[in-house]
Structure formats: C-alpha cells, structure tokens
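Bear in mind these aren't lab numbers, they're just calculated from the coordinates by the rules spelled out. These numbers were taken from a predicted model, which means no experiment stands behind them. Cβ placement follows ideal geometry from the backbone for every residue including glycine, while neighbour counts extend to all protein chains displayed.
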C-alpha cells in the first residue's frame, strides 16, 4: 500500500489541539496524544504505563492528526529508550550476580589457603619438639 503525492501531507507540526482523532483512529484503542506528550518530555515510564508497548506503529494516528504531529516517531523513540533501559538494567543485574559469585569464590579460596597453611604448620615439626639426639648430629 503506497500513498499518492496528494495523500502525503508535508506540513509543519503544531501543538496538539486534543481533538481525539488519533484516539478514534488507533486500532489498539490507545491514547496516542498522551503517549506523545509523555514521550516528548522523556517520561517513558509513564508512557509505558498507559500502553506505549502495545502500539503497533501503524501510523493511523499520525495520518489523521490535524496538527501533523509525528506521533509514530515519538512512540518509536520511547520504545527504543525503554528497551535500552531494560537491557541496561538486565546487564547491571547480571554483572552484580557475577561479582557476588566472584567474591564468594575468592572467599572460599582464601579459606582453603588458610586451612592448607594451618595443616602444613601442624605437620612440620618445630625445633623444640625434635629429639635431642637429632640435634647433636647437626
């Protein structure tokens, strides 16, 4: 499906007039004007709460908008930022988990090393515990 040159409107965006055309055009029943407002101010968590992840990106809202607001571009930017933040949080959690495992392993290795040193000290005879005869031969 392609639009003709007459159907493609090259207008400059203006402020939202809250007409509700985008809401009526949305096949998912979302509130595009609110999601765009949250996306513009980089409040992506609020946009996610009202359902930005459910947006199909079909462009129906942008097409019918009398203010010519590029709604889909706002949504794609918000979705990308949310996914990047989610990925960053997952990586941080994994790094924290790996660091905890590393610290536990280092503690176990230190404890094993101390135990080995203690066992070696117990096995090694001291000069005071050696018989007198052995000392005379030295």
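Looking for whichever is free of Cβ contacts under 8 Å to residues at least 40 places away in the same chain, surrounded by 10 or more Cβ atoms within 10 Å (Cβ to Cβ) and closer than 28 Å to residue 16 by Cα here; the options are 73, 114. Which one fits?
Among 73, 114, only 73 is free of Cβ contacts under 8 Å to residues at least 40 places away in the same chain, surrounded by 10 or more Cβ atoms within 10 Å (Cβ to Cβ) and closer than 28 Å to residue 16 by Cα.
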Can you confirm whether region 55-65 contains a residue that is in a loop (DSSP other than H, G, I, E, B), without any contact (Cβ under 8 Å) to a residue 12 or more places away in the chain and either more than 32 Å from the chain's Cα centre (by Cα) or more than 23 Å from residue 81 (Cα to Cα) (or both)?
no
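Might you let me know whether region 97-110 holds any residue that is under 17 Å from the mean Cα position of the chain (by Cα), farther than 24 Å from residue 15 by Cα and without any contact (Cβ under 8 Å) to a residue 24 or more places away in the chain? Outline the logic, then answer.
Looking only at region 97-110, we keep the residues that are under 17 Å from the mean Cα position of the chain (by Cα), and these are 97-98.
Within this subset, residues satisfying the condition of being farther than 24 Å from residue 15 by Cα are 97-98.
Going one step further and asking which of them are without any contact (Cβ under 8 Å) to a residue 24 or more places away in the chain, we end up with 97-98.
Within region 97-110, one or more residues are under 17 Å from the mean Cα position of the chain (by Cα), farther than 24 Å from residue 15 by Cα and without any contact (Cβ under 8 Å) to a residue 24 or more places away in the chain.
Would you mind stating whether residue 14 is part of a helix (DSSP H, G or I) and either in contact (Cβ under 8 Å) with a residue 24 or more places away in the chain or buried (at least 18 other Cβ atoms within 10 Å of the Cβ) (or both)?
Answer is no for this residue.
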